[in-house]
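The values are calculated or read from the model by the stated rules, or taken from the named source; none is laboratory data. Computed from a prediction, not measured in an experiment: that's the story for all the values here. Here the Cβ is made from the backbone with ideal geometry for all residues, glycine too, and neighbour counts use every protein chain on show.
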Amino acid sequence: MAAMADRFSRRGLLVAGAASAALAACGQASKTTGKGVNLAFQKNGVMLVAQTRGSLVEPLKVAGIDPVNWVEFPSGPPLLEAMAVGSVDLGLTGDTPPIFAQVAGAPIKYVAQVRLSGKAGGIITPKGSSLQSLKDLKGKKLCFTRGSSAHNSAVVALQSVGLSLNDVESINLGPADAAAAFAQGGIDGWVIWDPYFTLAIRDQGARVLTGLDQLGGGASFLLANAKFADARGEDLKALLTAIAKEGDWCAANTDAVAEITAKASGLELDLLKDTMKRTDFKVEPLSDDVLSAQQATVDRFAQLGIIPKRVSISDAAWRGWTG
């Protein structure tokens, strides 16, 4: 597992180059100069909605931040790789990718949080599976995306019944490939979140071994390049305030968010209308309890040898924004 941190470093320049190319294709510089900002987004969440609606442009222009450039990433790890070399200033990821980024020495800062209830995911098993509980995963194929929030959920779930990753056959697949393997009966358990979670239950009769809410929920984080956070603190405050307002809009307009997400992802609109009702959007200042939980994840990963060393979450926390 420690090799993942090494891979982060080796791939950083390649991914940053891809980010630069994406920005250049839009006629934009790969690194912001003056008062512009480069923001990352994926095919879901508040950042996708902000990018699609263009809702950050005016409030940021009033704050003297212009232009607002966007670049898309498939997941959190490559987003943070680009951030580490300065191609991206700010982005949103799950809780696990920044831990691997920190271990690799990436200059990133935690700057805000989105608490997750855990209602939008879980560990599922195929309809015809003999598995009835988490304990039954011993010796079975458990699928999750390494380095993602599902990785941490897998560890916590197994520990809750006295097992570890050494007791299962870990299968590392991204959500799309995992969905195909799950449908074909190639895996026994799958740690996954919406919309794949709901889709598997609805269309394939998947059974839930545990909901992520029973494992403590967790958090997603807005993260910033450390140099950007240190040099442009007032701009970062304005950014977070604008993104928080967009999060409130998302929570109040879940059907509209579903439509935006469906167009971006190609996923079924009715499915997304259902899942968005369980999605958490509220952007908050960093809190002591969430940071402590993140540190507990670091300590757990270090103890189990998933990461090669312990890192400090508090040292990487930028708490200049108070809402």
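Things worth noting here:
- Residue within region 215-231 that is among the small types (Gly, Ala, Ser), within 26 Å of Pro126 (Cβ to Cβ) and in a strand (DSSP E or B) present: yes
Okay, residues lined up against (1) more than 16 Å from the chain's Cα centre (by Cα); (2) crowded, with 23+ Cβ neighbours inside 10 Å; (3) at pLDDT 95 or above:
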{"residue": "Trp70", "(1), (2), (3)": "yes, no, yes"}
{"residue": "Ala101", "(1), (2), (3)": "no, yes, yes"}
{"residue": "Leu116", "(1), (2), (3)": "no, no, no"}
{"residue": "Ala120", "(1), (2), (3)": "no, no, no"}
{"residue": "Ser130", "(1), (2), (3)": "yes, no, yes"}
{"residue": "Leu137", "(1), (2), (3)": "yes, yes, yes"}
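- Here Leu92 passes the criteria (1) out of contact with any Gly (no Cβ under 7 Å at 6 or more places or on another chain); (2) hydrophobic (A, V, I, L, M, F, W, C); (3) not in a helix (DSSP H, G or I) except the one numbered (1).
- If you go through region 276-289 and keep only what is surrounded by 21 or more Cβ atoms within 10 Å (Cβ to Cβ) and either free of Cβ contacts under 8 Å to residues at least 24 places away in the same chain or of a type in the set (A, V, I, L, M) (or both), you end up with Met276, Val283, Leu286.
- Look at region 304-321: where a residue is at negative phi and of a type in the set (A, V, I, L, M) and a partner is in a loop (DSSP other than H, G, I, E, B) and surrounded by 15 or more Cβ atoms within 10 Å (Cβ to Cβ), sitting 6+ places away or on another chain with Cβ atoms under 6 Å, you get Ile306/Met1; Ala317/Leu286.
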